[in-house]
1. From the residues in the stretch 149-174 that are part of a loop (DSSP other than H, G, I, E, B) and under 19 Å from ALA27 (Cβ atoms), which one is nearest to the ligand (Cβ to nearest atom)?
2. Quick one: which residue in LYS54, LYS50 is without any contact (Cβ under 8 Å) to a residue 40 or more places away in the chain and either over 13 Å from the mean Cα position of the chain (by Cα) or in a helix (DSSP H, G or I) (or both)?
3. Anything in the stretch 132-161 that is within 21 Å of HIS86 (Cβ to Cβ) and of a type in the set (S, T, N, Q)? List them, or say none.
4. Which fully enclosed strands (runs of 3 or more DSSP E) of the stretch 93-141 have 1 or more residues being away from the ligand (no atom under 16 Å from the Cβ)?
5. Does the stretch 140-157 include one or more residues that are out of contact with any strand residue (DSSP E or B) (no Cβ under 8 Å at 6 or more places or on another chain) and free of Cβ contacts under 8 Å to residues at least 40 places away in the same chain?
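Read-outs throughout are calculated quantities, based only on the coordinates presented, and are distinct from any laboratory measurement. This is a predicted model, so every value here is computed, not measured. With ideal geometry, Cβ positions are generated from the backbone for all residues, glycine too; neighbour counts draw on all protein chains shown.
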Amino acid sequence: MPRPLLLRLLLLLSLLGLGACLGGSVAGVAGAAEPTTLAASHLAKMDVDKEDWKAKTHDWWAAHLTPLQVQVCRDAGTERPFTGAHNAHKGPGTFLCSSCGLALFDAQTKFDSGTGWPSFFDALPGAIKSVSDTSLGMTRVEVRCSRCDAHLGHVFDDGPKPTGLRYCINSVCLLTAGPPPPK
Ligand SMILES: [Zn+2]
């Protein structure tokens, strides 16, 4: 294969890889002002287990989340890659839904996918709901929070062992908490 063609092919493949998480629109420019921990979010003042999360209106979400959280987590947008605070996060703990506080991912399942979005090879039992997504001319599997229906990202079958899955998740839809995930 001639070298210029090979380079073009590699560039195309890298662009496709970066675009793998893209939803309906790309939102925001940086995640620096977004809450990153449970204590920093609206959830700190709530009894998250007693709320009727599926009954919340869009206006309620808009009053309690940041504009970027609303765009991505409630309106199925996508944050710009390499901007989210959790993308490079390492260490133990649990990743929670930034909308309702449900534990979604054990930090031990996080890996560096190189895509610019936090990536996990497994989710906690019962935490995630999968939905077929045919936007942008592609067939993908969208993943949502099973408790509040927040859009989180997509899941692909090109992840590492042991599951072979890659949950490609918007950082702004996550919060971190120190304790280990519930068993
Ligand atoms: Zn949720």
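1. Filtering the stretch 149-174 for residues that are part of a loop (DSSP other than H, G, I, E, B) and under 19 Å from ALA27 (Cβ atoms), the one nearest to the ligand (Cβ to nearest atom) comes out as ALA150.
2. The conditions single out LYS50.
3. Matches in the stretch 132-161: SER146 only.
4. Passing ranges, in order: 103-106, 128-133.
5. So far as the stretch 140-157 goes, no, none of its residues is out of contact with any strand residue (DSSP E or B) (no Cβ under 8 Å at 6 or more places or on another chain) and free of Cβ contacts under 8 Å to residues at least 40 places away in the same chain.
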